[in-house]
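Q: I'd like to ask some things about the structure below.
We did not get these values from a lab; they are worked out from the coordinates using the rules stated. Bear in mind the structure is a predicted one, so any value in this text is a computation, not a measurement. Here the Cβ positions follow ideal geometry from the backbone for every residue, glycine too, while neighbour counts run over all protein chains shown.
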């Protein structure tokens, strides 16, 4: 048994191959997609599984991402389990349909392989694409490694389809850094996944249910629109517990534990970096280096960005003296990136609020190394000693 | 992390360095190591300089992003020397494995590294033409890497190639590459 488990863990796949493999194991009813770098190989490999008869999926090739999401919406409203993947401009082109998917309460699961937005044209990683979609009513999960991307995609299906949630879920992983890097991976058995996600039984009558004719996306005038939105907001609030419970059950089948966030060496930390996705791994190496020198630093890596777990964030950060939030996207507020404003807002209720700064990093694939992380920690510790902040919001690793 | 190793591959598009990094990662993984393999993506056109990277360790690898300080550098196309900074970020005692008919001593001068660096050479291009019938010098380089550094065993490379590429390539191509790996292992010379 132990030997068997070892064999299953000695798989080396790229992030995209791992996501495509998870999709094969999930065996969705419909996948509609339009390929875009760096998410392309997800769709390419999945189409191979379709062509080889490894899945029962109806694979719809479309002429744009707008059409891809439209086809996903139609299929989901017809009662199908639906998945897709995209990046960057592709996600941007889906924009209006993202809101329709969440507004119609359709549990579509989409992988977003994070990539910068044009202009200037750039194919490399940053989080401008998914961060721009943060208010579209989709649950968002972020992934540090290939393993986390694989695990998040499987959990996403379970979360989206919960009867009291019915919200689309976006699983984010870093373009190229994770999507095209081969890493060690533990795969689950097909049967185990099948049992974990269960059979999809739509709780609302589908478009194809002729005995119970239903209209989706009807006009809702001022007398009813707000109630639909209120219900959507309630579902997002409730999804926090659903995400936690899905993680608990997932741990039982995989031995890997997930939550709303990961805390790394945070117990007695004076200074902490908050950062998403693959850069969190690099930051952990920096944390270890600082700790070896006796410096009390830690890392907080949010996994769930929507819903934003503001109570848990405040709880995790309340004893830290100085926080550096590192955003791989800017909001152009001239005040701070999207992760920063959420974290800062979460701390407002605390009696004694930590000092907090925002640093924008890694846009368009600019490398974020251990030295960059160490420099931020050093700045945080300096702020702790001096008791004052020079610049709340700034860019790092940039030529000025 | 005493046995943590970072590797950089220099080649030109279509010379198979991305595949070589992949084969290396798979071979190390099947030997019980934690691995990463990733290419550097840019404008992709035949003949353009490309780089690929590996990280290999007996512990979980948390580091992501560029490999900045590789202790092993494989130069699959020697015409890149002088065009691309092949020694960039390398420590003094780095290992360089170069595909060239020239001797290691000549190449040491060519890439201007000091005495503590180790330089190895082999004519991987010639080996690939003889064994595979095409100029794809990546697999002899893997054999040479196994011999020169021991970061992975030549058997692990051979077994990985046999197991994972049988579906992709014809038996003749597999056989040719296995021969090329072994020849690379045998023919690599230190300066």
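Q: Using a ≥ b ≥ c from the Cα gyration tensor of segment B:4-190 (square roots of the eigenvalues), is it rounded, prolate or oblate, where a/c under 1.5 gives rounded and otherwise the larger of a/b and b/c decides, a/b for prolate?
A: rounded
Q: Now a separate question. Show that you can apply the helix-only estimate: for chain B, add -39,500 (n - 2.57) for every DSSP H stretch of four or more residues, divide by all residues, and state [θ] at 222 nm to the nearest 500.
A: -11500 deg cm²/dmol
Q: Moving on to the next point. In a GNM of chain A with a 10 Å cut-off on Cα contacts, which of A:247, A:149, A:228 has the highest mean-square fluctuation?
A: A:228
Q: Between residue A:348 and residue A:164, how many nm apart are label points set 7 Å from Cα along the C-beta direction?
A: Roughly 2.7 nm, to one decimal.
Q: Classify the protein assembly as shown from the C-alpha gyration tensor, please: rounded if a/c falls under 1.5, else prolate or oblate depending on whether a/b exceeds b/c.
A: Since a/c reaches 1.5 but b/c is at least a/b, the shape of the protein assembly as shown is classed as oblate.
Q: Within 10 Å of each Cβ in A:170-182, how many Cβ atoms from other chains are there, averaged over the peptide?
A: Across A:170-182, the average partner-chain Cβ count within 10 Å equals 3.
Q: Now a separate question. Looking only at segment B:4-190, where both bridge partners belong to it, what percent of the DSSP beta bridges are antiparallel (to the nearest 5)?
A: In segment B:4-190, DSSP labels about 55 percent of beta bridges as antiparallel.
Q: Then there's this: How big is the equivalent ellipsoid of segment A:7-254 along its three axes, where each semi-axis is √(5λ) from the Cα gyration tensor, reported in whole Å from largest to smallest?
A: Each semi-axis is √(5λ); the values are 27, 21, 18 Å.
Q: For chain A, what does -39500 (n - 2.57) per DSSP helix run (n ≥ 4), summed and divided by total residues, give at 222 nm, in deg cm²/dmol to the nearest 500?
A: It lands at -13000 deg cm²/dmol.
Q: If you don't mind, another one. Hey, fewest Cβ within 10 Å first, where do A:301, B:22, B:115 land in order?
A: Ascending Cβ contact count within 10 Å gives the list B:115, A:301, B:22.
Q: Now for a separate question. Exposure proxy check: B:190, B:6 ranked by fewest other beta carbons within 10 Å?
A: B:190, B:6
Q: Okay, next question. If you fit an axis through the alpha-carbon atoms of helix A:225-254 and take the longest principal axis of the Cα set of chain A, what angle between them do you get, 0 to 90°, nearest 10?
A: Computed tilt is about 80 degrees.
Q: Count, for each residue of A:362-374, the Cβ atoms from other chains sitting within 10 Å of its Cβ, then give me the mean as a whole number.
A: For this peptide, the per-residue mean of nearby foreign Cβ atoms is 2.
Q: If you don't mind, another one. Classify segment B:114-173 from the C-alpha gyration tensor, please: rounded if a/c falls under 1.5, else prolate or oblate depending on whether a/b exceeds b/c.
A: Oblate, since a/c reaches 1.5 and b/c is not below a/b.
Q: Restricting the count to DSSP beta bridges whose residues both fall in segment A:159-318, what percent are antiparallel, rounded to a multiple of 5?
A: 50
Q: In chain A, what % of DSSP beta bridges are antiparallel (nearest 5)?
A: Approximately 20 percent, going by the DSSP bridge assignments.
Q: Right, another one. Need the full-extension length gain, residue B:168 to residue B:93, defined as separation in residues times 0.36 nm minus the C-alpha distance. One decimal, nm.
A: In short, 23.2 nm is gained.
Q: Turning to a different aspect of this structure: Running a GNM on chain B with Cα contacts under 10 Å, which residue among B:151, B:60, B:23 ends up with the highest mean-square fluctuation?
A: Highest fluctuation of the listed residues: B:60.
Q: Please build a GNM for chain A, connecting alpha carbons under 10 Å apart, and tell me which residue among A:224, A:76, A:67 fluctuates the most.
A: Result: A:224 has the largest fluctuation of those listed.
Q: Now for a separate question. Give me B:81, A:389, A:36, A:273 sorted ascending by neighbouring Cβ count inside 10 Å, so fewest comes first.
A: A:389, B:81, A:36, A:273
Q: Enter the Cα centre distance for the pair segment B:115-160 and segment A:329-368, rounded to the nearest angstrom.
A: Going from one Cα centre to the other spans 48 Å.
Q: Here's another thing I want to ask about it. Report the paramagnetic label zone for residue A:391: residues of segment A:349-370 whose backbone N is under 18 Å from a point 7 Å from Cα along the Cα-to-Cβ axis.
A: A:356-364, A:366-369
Q: Sorted by packing (mean other beta-carbon atoms within 10 Å per residue), highest first, where do A:316-324, A:379-387 land?
A: Ranking the peptides A:316-324, A:379-387 by packing returns A:316-324, A:379-387.
Q: Let me ask something additional. Report the Cα centroid-to-centroid distance between segment B:1-72 and segment A:25-68 in angstrom, as an integer.
A: Computed from Cα coordinates, the inter-centre distance equals 28 Å.
Q: Okay, moving on. Averaged over peptide B:21-33, how many Cβ atoms belonging to another chain are found within 10 Å of each residue's Cβ?
A: Partner Cβ neighbours, averaged per residue: 3.
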